[in-house]
Amino acid sequence: MVTEELQKIHELRGRVRFRAPVLYRAFHLKDYLEGVLSRNGYIKKVKVNPLTATILLVFKPDIPVEKIEAELKSSLQKLPSPSEVKKFKSESKPVITPLKEEGPPWHTLSVEEVLKLLGTDKERGLDRETYEKLFQKYGSNILPEITPRTGWEIFLEQIKSVPVAILGVAAGISLFTGGVIDALAILCVVGLNAYIGYKTEAEAERTISSLKKLIHPEALVIREGKVKRVPAETIVPGDIFLLRPGDYVPADGRIIEAERLSIDESALTGESLPVVKTEKPLPPNETYPLADRINMCFMGTLVLGGHGKAVAVATGKDTEIGRIQLSLAEARPPETSIEKQLDEMGTKLVIISGALCGAVFVLGILRGFGFLEMLNTALSLAVAAVPEGLSTVATTTLALGVREMKKENIVVRRLSAIEALGSVQVMCLDKTGTITENHMTVTEISCGKPYKPETLENKYLNFFPDSQILFEQANDELLSLLAVCVLCNESEVVKNGKEISFKGTPTETALLEIAFKAGLDIEALRKAFPRVRIVHRAENRLYMVTVHHLPSGKFLYAIKGMPTQVLGLCGEILRDGRRYPLDEEERIELTNLNDQLAVRGLRVLGVAFGISDDPGIDLDLKEEAPWCENFVWLGFVGMEDPIRPGIKDLISLLHQAGIRTVMITGDQAPTAYAIGKGINIIRMNLLFLILLIFRT
């Protein structure tokens, strides 16, 4: 029964996705199936999603998909009990998906190891002789060309459908029975239908081909100790290339130098926020999705800020985007709704008209009419039953849709894509950068009492970090909160004459702006408390921690992030210049205050600090670890990201078209609800459900 319900959703060469209802919300089976199936040498990657009841398998391209399906069915037939799952989970080891075919992935190796493996030099790059050998070996750094459809292929696609086949048969029957005029009329209809579709799609193919010819990317590389600007297609593995703002990354590379380097990887990951890069290796024995490989850069992504160097580790078809393009080239687009409906209607028409015509023929023979006379009558009836104009009307309508899209500067390659676009039922929108402008502004600070930005103007203008002892002695909680916002922050101060600006992520830039507005000397503060280490926010730890030297020789831990998690780490609270134990009643009040800020649509951060004698504390320990008790709660920072103009009207337009809208965000549920309600993305009938989720 389990295997009978297995449904293949899509299939590419070396990649297939199935839906298995038995996996729906079966979270206990996720690790089990991923571990069992990954033990086979030919399956490279397994990803089970219990929320959608789907399972994605990536395997060696030379393995037939039937073998993979049989393996999956075998595993589904042997699903274990919960106790057996726990036993398997405790004994299994993590599966690593390497970027390289053999050996450890590039992102787990040090810069020195990467350079040694590639036989290149960080400062001099490749010499001429080595480069020429590598170019002969790897060829041009160009993405694999998707072979365009020939005119004949485009034409044939216009007549490969059941309704058109029926018209063809009808034309043949008419010709056979002497109806030459009818046959010619039907063939004209088929020809007109094919011509409209052919002309529309051929024009789109020509437009796309002409656009490709306009793109000639270049890159800055280091060869024989000199910086050269070369065509990106000449880069080979081992080349050292420079990364500057505004440049497109010319090849997949391992970062070897990074100075405030940030890259927009939305073309690959879909994430609108820039990724801050580092040259440090990532810990081995862990699986890192593409978006988490922060010491790698990928072909086709855009450098937004900072500068750096990278060594090319993959070019052309071996890059991540090259693999995607190869998969797309081999993809077989699924039938659209209209194609399925037309084929289904044509099949039914054949069956029904065949039965009726056969019945008429038999009845005529039984009543004494001649054989040829009844055959001619039955065939004429069959021809009359065919809707000759249906295909032409459908094709013409889709062609008009392509023309309308072209007016909006959108090129559509296939007519069926228009119908697929018109069949959209759900549209998912990322909040940050899509629904909002991705420009954060601090609107309120709450530490004991609320503070508005306008009340903080130059409040601490005369404060000098070396003239007072912060953190180690009881102090002003607002001053301490602003100081943590400056220290636990990677945004940089940029001076242009007398003008001062900030460069970094929107959230951290907003924190520096409010501290600067309050009169704090950001550079002096950071110099007084030099940073020792940093632990970034992670999927299971929604806060960031930085460690700093204190004048006394101890170490300051500055922390900011999701309020509920930060609050869970704190054992004390700073109020009126004194530390107090953080009791349960106080925690409930702070949690309620967090909800009050969030339901106003603010992005809320919790801020705290801790002091320790040890700079090497493992910040990945669980909450019950001793170091967590040292954290002192300071307060909340509420920030607003303005809604993008016109988004509310767009949502209303989508709803009028019958399209459901979904907002995707990593913010707290109350914040997401407030923003969703403000742009009418949340319908009233969902209110009870959302409030129920908040409660649980």
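The values are calculated or read from the model by the stated rules, or taken from the named source; none is laboratory data. Values in this document were obtained by computation on a predicted structure and should not be read as measured data. Here the Cβ positions follow ideal geometry from the backbone for every residue, glycine too, while neighbour counts run over all protein chains shown.
Brief remarks on what is shown
- Residues that are surrounded by fewer than 23 Cβ atoms within 10 Å (Cβ to Cβ) and among the β-branched types (Val, Ile, Thr) were ranked within region 472-513; the one that is nearest to the chain's Cα centre (by Cα) is Thr505.
- Here is the figure for region 35-50: residues that are modelled with pLDDT of 80 or more and not in a strand (DSSP E or B) total 2.
- Residue within region 96-104 that is modelled with pLDDT under 90 and part of a helix (DSSP H, G or I) present: no
- Boolean, Thr287 is at pLDDT below 85, among the β-branched types (Val, Ile, Thr), closer than 28 Å to Arg533 by Cα and surrounded by fewer than 20 Cβ atoms within 10 Å (Cβ to Cβ): yes
- Take the conditions (1) of a type in the set (Ser, Thr, Tyr); (2) within 26 Å of Lys431 (Cβ to Cβ); (3) outside any strand (DSSP E or B); Thr278 misses just one of them, which is (2).
- Region 448-475, subset closer than 17 Å to Val632 by Cα and touching a strand residue (DSSP E or B) at 6+ places or on another chain (Cβ under 9 Å), residue modelled with the highest pLDDT: Gly448
- Here Arg600 passes the criteria (1) out of contact with any helix residue (DSSP H, G or I) (no Cβ under 7 Å at 6 or more places or on another chain); (2) in a loop (DSSP other than H, G, I, E, B); (3) at pLDDT 85 or above except the one numbered (1).
- Selected residue (criterion: farthest from Leu282 (Cα to Cα)) from residues of region 530-553 that are modelled with pLDDT of 85 or more and in contact with a Lys or Arg (Cβ under 9 Å, 6 or more places away or on another chain): His549
- Restricting attention to region 341-374, the residues being buried (at least 17 other Cβ atoms within 10 Å of the Cβ) and either aliphatic (A, V, I, L, M) or at pLDDT below 75 (or both) number 5.
- Residues satisfying the stated conditions in region 238-271, i.e. within 22 Å of the chain's Cα centre (by Cα) and charged (D, E, K, R): Asp247, Asp252, Arg254, Asp264, Glu265, Glu271
- Of the residues making up region 565-597, those that are surrounded by 22 or more Cβ atoms within 10 Å (Cβ to Cβ) and either in a helix (DSSP H, G or I) or at positive phi (or both) are Val566, Leu569, Asn594, Leu597.
- Evaluation of Ala420 against (1) surrounded by 12 or more Cβ atoms within 10 Å (Cβ to Cβ); (2) part of a strand (DSSP E or B) (one fails), failing number: (2)
- For region 426-516, the strands (runs of 3 or more DSSP E) that sit wholly inside it and include 2 or more residues that are within 26 Å of Arg260 (Cβ to Cβ) are 441-447, 492-496, 499-503.
- In region 238-253, the residues that are touching a helix residue (DSSP H, G or I) at 6+ places or on another chain (Cβ under 7 Å) and more than 13 Å from Ile142 (Cα to Cα): Gly238
- Residue in region 527-541 that is farther than 23 Å from Gly638 by Cβ and part of a helix (DSSP H, G or I) present: yes
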